[in-house]
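Please treat every number below as a calculation from the coordinates, not as lab data. The shown structure was predicted, so the numbers you read here are calculated from the model rather than taken from an experiment. All Cβ positions, glycine included, derive from the backbone under ideal geometry; neighbour counts span all protein chains shown.
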């Protein structure tokens, strides 16, 4: 991911129903939990993986919005169910946490309590979690 593009690596489903895959479809919503999905592209054939890049200008993506992406495959029998939804957005990475402090009153032999000020992100992107 960069400020201008999102590169996706899509893997073929583990189970194809005993039939060769004929096509893949990639779908994206309008951003910010918009439930209307539009097909971005489709690929013919049955490679084990595909790489597709979504671009800010070409795909009309807006920095600061989170987009939901899903894909599915088709074989001779029909279409698969959609993949799990992946949520992505364009923009800078969140800044590093500063002001990290240990809460000595709430520590134990196998754990430690930590606190830090709320992190603000460029373009008001939602912080989805922290890795400590």
Checklist line | residue 84-residue 14 pseudo-label distance in nm [points 7 Å out on the Cα-to-Cβ vector] | finding: 1.2 nm
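Rounded to the nearest 0.05, what FRET efficiency is calculated for residue 5 and residue 115 with R0 set to 30 Å and r the Cβ-Cβ distance?
0.25
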Note to self: Once you place label points 7 Å from the Cα toward the Cβ at residue 35 and residue 60, how far apart are they in nm?
What the structure shows: 2.1 nm
Checklist line | Relative contact order (%) - criterion: Cα under 8 Å, at least six apart; region: the stretch 1-66 | finding: 43 percent
Check: How big is the equivalent ellipsoid of the stretch 5-89 along its three axes, where each semi-axis is √(5λ) from the Cα gyration tensor, reported in whole Å from largest to smallest?
Finding: 25, 13, 10
